[in-house]
Every structure is written in C-alpha cells, then in structure tokens.
Amino acid sequence: MDMHTVVVGTSGTTAEDVVAVARHGARVELSAAAVEALAAARLIVDALAAKPEPVYGVSTGFGALASRHISPELRAQLQRNIVRSHAAGMGPRVEREVVRALMFLRLKTVASGHTGVRPEVAQTMADLLNAGITPVVHEYGSLGCSGDLAPLSHCALTLMGEGDAEGPDGTVRPAGELLAAHGITPVELREKEGLALLNGTDGMLGMLVMALADLKNLYTSADITAALSLEALLGTDKVLAPELHAIRPHPGQGVSADNMLRVLAGSGLTGHHQDDAPRVQDAYSVRCAPQVNGAGRDTLDHAAVVAGRELASSVDNPVVLPDGRVESNGNFHGAPVAYVLDFLAIVAADLGSICERRTDRLLDKNRSHGLPPFLADDAGVDSGLMIAQYTQAALVSEMKRLAVPASADSIPSSAMQEDHVSMGWSAARKLRTAVDNLARIVAVELYAATRAVEIRAAQGLTPAPASQAAVAALRAAGAEGPGPDRFLAPDLAAADTFVREGRLVAAVEPVTGPLA
C-alpha cells in the first residue's frame, strides 16, 4: 500500500494522481477549498428544493421522466430509487483498479462544487477509497451517455450500504457489512445527490488514463525490440539518422528513431548486409519502424491532451454555476473520450502488426540473412520459435478486430430522450484488452530478437552494449536463450511480465541514458 496522499481540490486532478489512487492505493483527502465549495453549492440546491417551481434533478424525475414534479416527501426515495434502478449492470466483474479510478474521478467532479452534493457525501466517497472497499461493477451497462451510468450506480449503491463490494482482503461481502466493519456510516441521499453520483465519463476516463501509462511503456519497449530486430537482421541504422527525420518533422517519429539509434550505438552487426544477395534497402517493417512507432506516439500525445482536459472538467447534469444558476447541459456525453480510446486501439493494432512482421522475418531462413530456420537449435528435430510466432499472429488478428471503433456506433435509449450515445465505455473496455495483447506481442518479438542476437554473437559478431544488457536482463528474468526445444510458454510468460513491468526499458537505460 502506497502511503502517498492525493489531495482533491476544486480544479480537477492529474493523470499521475489517478494512477496513484487506482493502482497503488494512495490515500485521498478533500482540500479545505473543496469542502467550502461543496457546502456553498449545497446551499443553492437546498434553496431551489424549497421553491414550488420544478428544477430538473432536484425536484423532478430523470431522463424521459423529467416532466414529473416530485413532492418533497418523495425526493429522498427518488434519489435512492435512481441508484437502485440504474445499478443494472451484468456480466463479469470489472477490475479493481478500474473501479477505484471510477470512484476517484467521480469524487474529483463532486469536489468541484458544481454538483450540489453535500460535503459529507464526498467525504464518505473518500473514506471508501481509503478503506480499500471496492464496489462490484459489471462489464455491461454503460452506453457512455449520460456518462457511465450503470457502473457509477453500482458505486453509489455501495455508498448507501447496499449491494456487494470487495473488501481490502479481496473477499466480496454485502456492502453494509463492509462499511460497518470500517466504521463508515452509509449515506442517506438528498435532492440531486443520486443523480450527481451517476452522471459522468469517469469509467472511460479512468481506463484512458491507465491505458496511456501502459502504452507509453510499450511504445518505448517496441522501439527497443525494433532496434534489436534490425540488429539481428544485419540491417542498416543509417535510416535512423536525425537529418532524415528532420525533413518530415512528426515529433514521435524523431523520438522513436533517436531511441533506436541509442540502443544500436556501438553495434558490430548493423550495416553489414553480410549475405549472398546484398540489400539496397531493408524491408519496411525494419526501415519504417520509426514512422509507425512515431505516428502511434503522436496519437498518444493527442489522447493525453484530451485526457488532461477531461481531468480538469466537472461533468454532471444539471450543474451548479458560480452565479447560483442550476443549468442542464450535455457535458456528460462521452464523445471526446470515446474517440481517442478508439484511436489508441487502432495504433496499438498497427504497432502489434509491425512487431509480428519483424518476428516472422527473424524466423524465415530465406529472409533472415544467415539465421537458422525458426531460430531452432537443430531445425527439423527442433521447431524453435515457430509456434511462438503463431501465438503472436493470433494476438495480432484479435487486435485488428479490437481496432473496429466503438464510437462509430450509437443505440438510442430512455424512450428516445437519449437518442445518441458515445459507446465510450465499450471503447475503453476493448482498449484494455488491446493493451494487454500488445504487451504479449512485443514480448514475443523481444524473445525472438534476443535469441537471434545471441546467435549472431555465436557467429562472431558483437551486439550493441544496450542489446547485451537487454539479453542479460531477460535471461535473468527467466526467459532462457538459444538451445534445444523446451516447454516455451513459461519463457514467453516471463518475457511478457518483463515488458509489461517496464523492466526492458529499465535494463537498457543505464547504457542508453533515459529513453523517451
């Protein structure tokens, strides 16, 4: 448990804070300014609740039922009912880190003072996070508009002491029991509070933030594996020269080329073309790695800009404005987040595709320029990495299916009141699968490229110092080097963990310096 404390104020939060709370158990505190803003906004809501005129979300029904004015004695029941009825998710449980991000980001919006929620409700949200209580949220139930309704409703249900939740020990129990065990009093919702806890893009945003963190590591790792493959294929590093990338100044392209150059510094393999049919140029999957990796990096940068704006936003409907008005709006629509989630699935699929093409080239004796078939010890008796490439190809094929955009779809709901939706939650869910698959794909290329580099060393060529560092670290992590066939799945699993945890980048940076 990370004892770092994240203070939630009125002006949003950072990606780093989301990851700290969601993945590392950082504690959460409300700032004094947030408590003050919460109290001030609540006074406005209470004043509106006392008036005879109906106000949406305060004294009316919701969505297609907004035309009904709700009498004061039924309003607490109305808020409870919206949470209970909207907690209608189905399917497998969503991962703990996603639910914690969802809860934290909803607290971020509540703390802005634009929702009209009482300070004690916000404090209870923080208390749940700090106690390690995680509501049971299901895979299906969000259309990404009005925000992530069903997932957020399951979280709000736990605040009320209802439904099921997971305790810090990983055991799922009735939420009321867990709250009591941690001395947390269930919330009695008042006007607007049920609605305010449900109306947000928090789930899709949390998954976007965590995907960006993971993809940053994977893109740097893929620059390293591309360099190792180039080296093992006796390719030329001249295509990585800064002056070539300066005349097509996409930022990510230059960054990827520089990363690859630094990994290859001091190599005794690059530029030799030591085969019987000298190459004028390397294949696209080798020569164009900076262009493909770099375009993906630029897409990550765009997605990070969108995430940053959303992290600074207060997403609710209606909202309490500083001048005392309570106004309806459409800020809960997930389109801005949904689009970039889909963009990232596309670039992840393409990165996986080019990794697989280099792996296949390393294994094909007709294109590998002197490497043994399938990098096998005794080809024919041994199959080498033949089926590792099959596994990688299967993952790439699935990545292509996952790249089909969710945000291009819309399905009407709520009696046609909510007649255009973002499907952002679905985009986020498939992106999580894509990121997991991409780590495996990069790991297979790493495993093949390091084996090929070791074979080149046995042939009398000297790999780059950074390559040698990557090989040594991967072998120490449990992924073995060249030799007769053995049970391969454990080696691939070790390589996957090695890449996923950022250990490949950490292994080469003492040689290369910090990589971007």
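The values are calculated or read from the model by the stated rules, or taken from the named source; none is laboratory data. Owing to the predicted nature of the structure, the values given are computational and were not obtained by experimental measurement. We place every Cβ from the backbone using ideal geometry, glycine too, and count neighbours over all the protein chains shown. Heavy atoms of the whole protein, side chains included, go into the accessibility calculation; ligands, DNA and RNA do not. Shrake-Rupley method; radii C 1.70, N 1.55, O 1.52, S 1.80 Å.
When the residues of region 7-33 are narrowed to those that are hydrophobic (A, V, I, L, M, F, W, C) and over 30 Å from ASP323 (Cβ atoms), which ends up farthest from the chain's Cα centre (by Cα)? First the steps, then the outcome.
So the first thing to find is which residues in region 7-33 are hydrophobic (A, V, I, L, M, F, W, C), and the list is 7-8, 15, 18-22, 26, 28, 30, 32-33.
Then drop every residue that is not over 30 Å from ASP323 (Cβ atoms), which leaves 15, 18-22, 26.
Working: ALA15: 11, VAL18: 11, VAL19: 10, ALA20: 14, VAL21: 14, ALA22: 11, ALA26: 18 Å.
Among residues in region 7-33 that are hydrophobic (A, V, I, L, M, F, W, C) and over 30 Å from ASP323 (Cβ atoms), the one farthest from the chain's Cα centre (by Cα) is ALA26.
Select from region 318-331 the residues that are aliphatic (A, V, I, L, M) and modelled with pLDDT of 90 or more and write down the one among them that is most open to solvent (accessible area, probe 1.4 Å).
LEU321
Is it the case that some residue within region 59-75 is surrounded by fewer than 21 Cβ atoms within 10 Å (Cβ to Cβ), among the polar types (S, T, N, Q), in a strand (DSSP E or B) and at negative phi?
Looking for residues that are surrounded by fewer than 21 Cβ atoms within 10 Å (Cβ to Cβ), among the polar types (S, T, N, Q), in a strand (DSSP E or B) and at negative phi, one finds at least one in region 59-75, hence yes.
Within region 34-58, track down each residue that is open to solvent by 30 Å² or more (accessible area, probe 1.4 Å) and small (Gly, Ala, Ser).
Correct list: ALA39, ALA40, ALA47, ALA50.
Six or more apart or on different chains, Cβ atoms under 8 Å: show the pairs whose first residue is in region 314-342 and free of Cβ contacts under 8 Å to residues at least 12 places away in the same chain and whose second is assigned to a loop (DSSP other than H, G, I, E, B).
Within 8 Å, the pairs are GLU327/PRO318; GLU327/LEU321.
Yes or no: region 405-419 includes at least one residue that is buried (at least 19 other Cβ atoms within 10 Å of the Cβ) and assigned to a helix (DSSP H, G or I).
No, the conditions are met nowhere in region 405-419.
Which of the residues that make up region 207-243 are acidic (Asp, Glu), surrounded by fewer than 24 Cβ atoms within 10 Å (Cβ to Cβ) and farther than 21 Å from ARG96 by Cβ?
If the condition is that a residue be acidic (Asp, Glu), surrounded by fewer than 24 Cβ atoms within 10 Å (Cβ to Cβ) and farther than 21 Å from ARG96 by Cβ, then ASP237, GLU243 are the ones that fit.
Just give me the residues in region 47-61 being out of contact with any Phe, Trp or Tyr (no Cβ under 9 Å at 6 or more places or on another chain) and of a type outside the set (A, V, I, L, M), in sequence order. Give the steps one after another, and end with the answer.
In the first step, residues of region 47-61 are kept if they are out of contact with any Phe, Trp or Tyr (no Cβ under 9 Å at 6 or more places or on another chain); the result is 47-55, 57-61.
Residues satisfying the conditions are LYS51, PRO52, GLU53, PRO54, GLY57, SER59, THR60, GLY61.
Go through (1) assigned to a loop (DSSP other than H, G, I, E, B); (2) over 31 Å from the mean Cα position of the chain (by Cα); (3) not β-branched (Val, Ile, Thr) and name the single condition GLU243 misses.
In the conditions (1) assigned to a loop (DSSP other than H, G, I, E, B); (2) over 31 Å from the mean Cα position of the chain (by Cα); (3) not β-branched (Val, Ile, Thr), GLU243 misses (1) alone.
Identify all residues within region 114-133 that are outside any helix (DSSP H, G or I) and open to solvent by less than 10 Å² (accessible area, probe 1.4 Å); write none if there are none. Give the derivation first.
Step one: of region 114-133, the residues outside any helix (DSSP H, G or I) are 114-118, 132-133.
Passing the criteria: THR115, GLY116, VAL117, GLY132, ILE133.
In region 136-214, which strands (runs of 3 or more DSSP E) lie fully inside it and hold 2 or more residues that are of a type in the set (D, E, K, R)?
164-166
Can you say whether HIS69 is more than 21 Å from GLU193 (Cβ to Cβ) and without any contact (Cβ under 8 Å) to a residue 60 or more places away in the chain, as far as the supplied structure shows?
On the way: more than 21 Å from GLU193 (Cβ to Cβ): no; without any contact (Cβ under 8 Å) to a residue 60 or more places away in the chain: yes.
No, not satisfied.
Cβ-Cβ distance below 8 Å, separation of 6 or more or different chains: which pairs start in region 376-390 with a residue that is touching a residue at least 60 places away in the same chain (Cβ under 8 Å) and open to solvent by less than 50 Å² (accessible area, probe 1.4 Å) and end on one that is among the basic types (Lys, Arg) and assigned to a helix (DSSP H, G or I)?
Short answer, once both residue conditions are applied: LEU385/ARG451.
Could you tell me how many of the residues in region 34-78 are of a type in the set (Gly, Ala, Ser), at pLDDT 85 or above and more than 37 Å from the chain's Cα centre (by Cα)?
So the count comes out to 4.
Go through (1) buried (at least 24 other Cβ atoms within 10 Å of the Cβ); (2) at pLDDT 95 or above; (3) among the aliphatic types (A, V, I, L, M) for LEU198 and report which single condition fails.
LEU198 satisfies every listed condition except (2).
Okay, residues lined up against (1) in contact with a helix residue (DSSP H, G or I) (Cβ under 7 Å, 6 or more places away or on another chain); (2) small (Gly, Ala, Ser); (3) in a helix (DSSP H, G or I):
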{"residue": "SER422", "(1), (2), (3)": "yes, yes, no"}
{"residue": "ALA427", "(1), (2), (3)": "yes, yes, yes"}
{"residue": "ALA448", "(1), (2), (3)": "yes, yes, yes"}
{"residue": "ILE455", "(1), (2), (3)": "yes, no, yes"}
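On the given criteria, is PHE374 part of a helix (DSSP H, G or I), over 23 Å from the mean Cα position of the chain (by Cα) and at pLDDT 95 or above? If you could, list the steps in order and put the result at the bottom.
On the way: part of a helix (DSSP H, G or I): yes; over 23 Å from the mean Cα position of the chain (by Cα): yes; at pLDDT 95 or above: yes.
Criteria met by PHE374.
For region 134-146, how many residues are open to solvent by less than 20 Å² (accessible area, probe 1.4 Å) and of a type outside the set (Val, Ile, Thr)?
5
Mind checking which residues of region 431-446 are open to solvent by 30 Å² or more (accessible area, probe 1.4 Å) and within 30 Å of GLY63 (Cβ to Cβ)? Can you show your working first?
Going through region 431-446, the residues open to solvent by 30 Å² or more (accessible area, probe 1.4 Å) turn out to be 432-433, 436, 440.
Result: ARG432, single match.
Need the failing condition index for VAL99 against (1) modelled with pLDDT under 95; (2) open to solvent by less than 20 Å² (accessible area, probe 1.4 Å); (3) not aromatic (Phe, Trp, Tyr), just the number.
For VAL99, the failing item is (1).
In region 457-472, what residues are open to solvent by less than 30 Å² (accessible area, probe 1.4 Å) and in a helix (DSSP H, G or I)?
Within region 457-472, ALA466, SER467, ALA469, ALA470, VAL471 qualify.
Can you spot a residue in region 78-87 that is over 18 Å from ASP316 (Cβ atoms), hydrophobic (A, V, I, L, M, F, W, C) and in contact (Cβ under 8 Å) with a residue 24 or more places away in the chain? Steps first, please.
Within region 78-87, the first condition is being over 18 Å from ASP316 (Cβ atoms), and the residues that meet it are 80-81, 84-85, 87.
Okay, now just the ones that are also hydrophobic (A, V, I, L, M, F, W, C), so 87.
Filter once more, keeping what is in contact (Cβ under 8 Å) with a residue 24 or more places away in the chain: 87.
Within region 78-87, one or more residues are over 18 Å from ASP316 (Cβ atoms), hydrophobic (A, V, I, L, M, F, W, C) and in contact (Cβ under 8 Å) with a residue 24 or more places away in the chain.
State all residues of region 476-494 that are in contact (Cβ under 8 Å) with a residue 12 or more places away in the chain and either surrounded by 14 or more Cβ atoms within 10 Å (Cβ to Cβ) or over 32 Å from the mean Cα position of the chain (by Cα) (or both); if no residue qualifies, say none.
Once the filter is applied, which keeps residues that are in contact (Cβ under 8 Å) with a residue 12 or more places away in the chain and either surrounded by 14 or more Cβ atoms within 10 Å (Cβ to Cβ) or over 32 Å from the mean Cα position of the chain (by Cα) (or both), region 476-494 yields ALA477, ALA479, GLY481, PRO482, GLY483, PRO484, ASP485, LEU488, ASP491, LEU492, ALA494.
Specify which of the listed residues (GLY170, GLY183) is under 23 Å from the mean Cα position of the chain (by Cα), open to solvent by 10 Å² or more (accessible area, probe 1.4 Å), at positive phi and at pLDDT 95 or above. Spell out how you get there, then give the answer.
Working: GLY183 fails: under 23 Å from the mean Cα position of the chain (by Cα).
From the options GLY170, GLY183, the qualifying one is GLY170.
Give just the number: which of (1) within 15 Å of PRO135 (Cα to Cα); (2) touching a Leu at 6+ places or on another chain (Cβ under 6 Å); (3) of a type in the set (A, V, I, L, M, F, W, C) does ILE184 not satisfy?
Status for ILE184: all satisfied but (2).
Name the residue, out of VAL315, VAL340, VAL347, VAL306, that is in contact with a His (Cβ under 7 Å, 6 or more places away or on another chain) and open to solvent by less than 50 Å² (accessible area, probe 1.4 Å).
After applying the criteria, what remains is VAL340.
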